[in-house]
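What follows draws every value from the coordinates through simple rules; no lab data is involved. The structure displayed is predicted, hence computed values, not measured ones. Using ideal geometry, Cβ is built from the backbone for each residue, glycine included, and neighbour counts are taken over all protein chains shown.
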There are 2 protein chains.
Amino acid sequence: MNKKEHLFITFEKLLRVKSECSSSIFSECGLSDITIKQMGYLKAIDECEEVTFSRLAEITRNSKPTITEMVNKFVKMECVYRERSTLDGRIFYIRLTEKGQTIARLERNSLLRLIERMTGSLDEKDMDTLVRILQKVK
Amino acid sequence: MNKKEHLFITFEKLLRVKSECSSSIFSECGLSDITIKQMGYLKAIDECEEVTFSRLAEITRNSKPTITEMVNKFVKMECVYRERSTLDGRIFYIRLTEKGQTIARLERNSLLRLIERMTGSLDEKDMDTLVRILQKVK
DNA sequence: AGCAGTTAGTTAGTCATTGCCTAATTATAA
DNA sequence: TTATAATTAGGCAATGACTAACTAACTGCT
């Protein structure tokens, strides 16, 4: 087996672990049936500091009623909640619950779990070596 | 910054590259709007040597008409084609086109592209070291 | 202070697509 | 002739989108 194949198999194993971590996160949140679109919306909400219905409609290029329905669905899923502005009673901010944020940051969270797993099996020197080598990749 | 954070950032960069490779593959195939379910069916077809409509209905726990519709959709998307059995004219095998197989094996293909990128920046010794260290991860 | 106009979000009603089903049909084999 | 493989017809729920009309709340002007 050549070096590329070795590398492929090694990374495949790591990615399988990460993918299992993603699945665990979804099922821990009871959201295994979430759609690609819904993931996209949660990420869009997470990327904003404070986001109103109108603003999210702008960002995602949807109508306001679409956002209302989407938010209602997310509220039922316990991913987001509304917070009324104290300055202007017409305005509601869309906020992620802890669960919503966990899912919005799924990539990050599953990678964190993988890194935990790695650091459990590697010593300090190995980690330094890994970082040193992988940083060369352009 | 501690070693875990370093490792996180390093892997995040690699995974971003891989994710860009996945997106490129989808758009090269003109299939950026494929759904999670459809991906699952393509993988199921790919995992079988030879699969008929009835067999795929069994495997995926769906009715036969569901498979017919799904296959018709995939035929329009140029992901699969029918091949009539020479032994029994009632039987059709569901076969992946090249495009269908590329998508069914997306994980593999995007990882292959990432590995290509890595091997372009690393020397033989680095690759050996990577494999040696990463194989320790349980 | 009070009304008119503007703005934020919601409701009602519609629509296309996906993904699934059962029942009936057609074509082929045994 | 009967059984089997796949298809057609017709239906249904959920997702994800829209426009038009509405309600609630703020803003500005007299």
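Taken over segment A:22-58, the criterion of being away from every other protein chain (no Cβ under 14 Å), of a type outside the set (D, E, K, R), assigned to a helix (DSSP H, G or I) and exposed (fewer than 15 other Cβ atoms within 10 Å of the Cβ) is satisfied by A:24, A:27, A:54.
Go through segment B:111-138 and give me each residue that's among the basic types (Lys, Arg) and more than 7 Å from chain A (Cβ to nearest Cβ). Once the filter is applied, which keeps residues that are among the basic types (Lys, Arg) and more than 7 Å from chain A (Cβ to nearest Cβ), segment B:111-138 yields B:113, B:125, B:132. The single residue among B:133, B:94 that is touching a helix residue (DSSP H, G or I) at 6+ places or on another chain (Cβ under 7 Å) and part of a helix (DSSP H, G or I) turns out to be B:133. Of the residues contained in segment B:60-68, none is found to be more than 12 Å from DNA strand C (Cβ to nearest atom), under 18 Å from the mean Cα position of the chain (by Cα), surrounded by fewer than 18 Cβ atoms within 10 Å (Cβ to Cβ) and in a helix (DSSP H, G or I).
Conditions tested, residue by residue: (1) of a type in the set (A, V, I, L, M); (2) closer than 30 Å to residue B:135 by Cβ; (3) free of Cβ contacts under 8 Å to residues at least 12 places away in the same chain; (4) in contact with a helix residue (DSSP H, G or I) (Cβ under 7 Å, 6 or more places away or on another chain).
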{"position": "A:13", "(1), (2), (3), (4)": "no, yes, yes, no"}
{"position": "A:21", "(1), (2), (3), (4)": "no, yes, no, yes"}
{"position": "A:32", "(1), (2), (3), (4)": "no, no, yes, yes"}
{"position": "A:38", "(1), (2), (3), (4)": "no, no, no, no"}
{"position": "A:53", "(1), (2), (3), (4)": "no, no, no, yes"}
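Is it the case that residue A:93 is within 13 Å of DNA strand C (Cβ to nearest atom) and in contact (Cβ under 8 Å) with a residue 12 or more places away in the chain? Answer is yes for this residue.
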